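Here's a structure for you.
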Amino acid sequence: MQMNLAQLIKLLLVASFFVPSVNGDNENKCVPDDIATLPDDCLTIEGKKLIITGKDSEMDKVRNKLKQVRRIESGLEVDGTDLETFDLLPQVEQILNPDGPAIIFKNNGKLQRILMPKLLALNGKDEDVQFENDNFPSAAYTEVTSSRDLLILESKSRASHSRKECSAGFFQFKTEESSGMNAIVIGLIIACVIAFLAIIGQGYFMYKHWNDNDDSDTSKRSNEASEKLPPTAGSKMEDPKMK
């Protein structure tokens, strides 16, 4: 069957819509052999664990490389940095690892904050987060902001595993100094309970406030209706001339 010129042009136009999208998709998937040579437009990190290491002075380059990453498929490891705040993945939504922890924080001597504002899913093989000789667990034990960051990670882990209850089993500590670690686990569970009770209390307050307003409106409407009723036969009408 012969194809005329109009049909050929139409076929080429249709094909042009598909070819760039396939190439673009491939360009946005990156294997992190060396973070220094990673393209700046990666959306998905796949094939190997993403390892972040180095001094604070080098982190601006790393941050620029990772600024668009939305999905990490083989885990994340942050090792030996002097970061106080980990905020290198502002757009990441999913961190997964079928072979181990989704995230490992290791030998970060100053780490106090973990900020990933877009994170939705955190899913590792056994535990989702592992801390190894890292400063963050100590910070979470003493600082409210660090404890809050840990609770946020737990909530993302809970949602990923469809757990209904807060669980300290989502993370693991590997440290030479174990003092205070049990207290952190207990503190996390207590914080989860407090957060749950706070949500219930807020719901009760809103319900009571709504009921009080509804009762007040009903009483007001009843009073207004009573004022508009005509006087009864036995009531004495006031003579306007007496005013």
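The values are calculated or read from the model by the stated rules, or taken from the named source; none is laboratory data. In this text, all values refer to a predicted model and were calculated from it rather than measured experimentally. Please note: Cβ atoms are built from the backbone with ideal geometry, for glycine as well, and neighbour counts cover all protein chains shown.
Can you pull out every residue in the range 98-116 that is surrounded by fewer than 22 Cβ atoms within 10 Å (Cβ to Cβ) and within 24 Å of Asp41 (Cβ to Cβ)? Give the steps one after another, and end with the answer.
Start the filter on the range 98-116 by keeping residues that are surrounded by fewer than 22 Cβ atoms within 10 Å (Cβ to Cβ), which leaves 98-100, 106-107, 109-110, 112-113, 115.
Scanning the range 98-116 gives a single hit, Leu115.
Take the residues in the range 117-132 that are at pLDDT 95 or above and in contact with an Asp or Glu (Cβ under 8 Å, 6 or more places away or on another chain), then tell me which one is surrounded by the fewest Cβ atoms within 10 Å (Cβ to Cβ).
Residue satisfying both the conditions and the ranking: Lys118.
Ok, one more. Taking the condition of a type outside the set (D, E, K, R) and either in contact with a His (Cβ under 9 Å, 6 or more places away or on another chain) or outside any helix (DSSP H, G or I) (or both), does Leu150 pass? Explain how you work it out, then say what you get.
Numbers: of a type outside the set (D, E, K, R): yes; either in contact with a His (Cβ under 9 Å, 6 or more places away or on another chain) or outside any helix (DSSP H, G or I) (or both): no.
No.
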